[in-house]
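First comes the structure, then the notes that go with it.
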Amino acid sequence: MQQPQKIKTFLWYDGKAQEAAEFYVSLFDNSRIRNVTHYNEAAPGRTGSVMTVDFELAGVQFVALNGGPEFQFTEAMSLQVDCDSQEEVDTLWEKLTADGGQPGPCGWLKDRYGVSWQIVPRRLFELLEEGAPAQAEAVTTAMLGMHKLDIAGLEAAAG
């Protein structure tokens with residue numbers, strides 16, 4: 001049996017923890033639902049309803065809690081996905097903004113559950129690191145003008 005991660009990201013949902021975890025697991029290879037717990041008589045939730053979902057995305061462990069409406073997600077915390085290709089960026093962007101998700105600037109978006117994501121091509125980091133400061137500035141300026149990041153546009157800005 002695999003050892004649990006020492007540190008996990010804990011996500012608070014208002015009744016949609018299992019739905020969200022199942023959606024996220026469908027997007028990434030090496031992902032799965034590890035365990036689902038239910039509220040019991042001693043817990044504050046409705047007895048028998050889903051309390052937590054322990055899941056993995058690309059091998060990284062998370063916990064989702066059906067905690068209620070008291071807390072909402074903000075952009076102060078986001079999940080960054082390093083993408084290998086424009087196709088991966090496009091696919092994740094489309095799926096995560098579908099059904100009520102919202103595109104944001106510079107590769108950021110909110111999914112239908114309110115979780116903020118950064119969908120970033122690895123090529124962006126290469127372009128920022130490999131050239132002269134003027135190239136990094138041009139790439140940064142291009143990125144700041146984009147919603148979904150476009151590798152060809154970033155490369156064109158790099159010159």
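The values are calculated or read from the model by the stated rules, or taken from the named source; none is laboratory data. What you see is a predicted model, and the numbers here were worked out from it, not measured in a lab. Here the Cβ positions follow ideal geometry from the backbone for every residue, glycine too, while neighbour counts run over all protein chains shown.
What to note about this one:
- Just one of the numbered conditions (1) modelled with pLDDT of 95 or more; (2) outside the structural domain of Leu154 (by TED's automatic domain parsing); (3) of a type in the set (A, V, I, L, M) is not true of Ala42: (1).
- All conditions in (1) surrounded by 16 or more Cβ atoms within 10 Å (Cβ to Cβ); (2) over 14 Å from the mean Cα position of the chain (by Cα); (3) under 22 Å from Ile33 (Cβ atoms) hold for Ala157, with the sole exception of (3).
- From Val120, Val60, Val81, residue being over 27 Å from Thr140 (Cα atoms) and of a type in the set (A, V, I, L, M): Val60
- Strands (runs of 3 or more DSSP E) contained entirely in the stretch 1-76, each with at least 2 residues that are of a type in the set (A, V, I, L, M) and surrounded by 16 or more Cβ atoms within 10 Å (Cβ to Cβ): 50-57, 60-66
- Criterion violated by Cys83 - all others in (1) in the same structural domain as Arg123 (by TED's automatic domain parsing); (2) at pLDDT below 95; (3) not hydroxyl-bearing (Ser, Thr, Tyr) satisfied: (2)
- Among residues of the stretch 16-30 that are in contact (Cβ under 8 Å) with a residue 60 or more places away in the chain and more than 20 Å from Glu70 (Cβ to Cβ), those with a beta-carbon under 7 Å from a residue that is in a helix (DSSP H, G or I) and aliphatic (A, V, I, L, M) at least six positions away or on a different chain give the pairs Leu27/Leu92.
- Helices (runs of 4 or more DSSP H) lying entirely in the stretch 82-159 (those with 1 or more residues that are touching a Leu at 6+ places or on another chain (Cβ under 7 Å) and without any contact (Cβ under 8 Å) to a residue 24 or more places away in the chain): 86-97, 133-144
- Asp99 satisfies every condition listed in (1) crowded, with 16+ Cβ neighbours inside 10 Å; (2) under 19 Å from Glu19 (Cα atoms) except (1).
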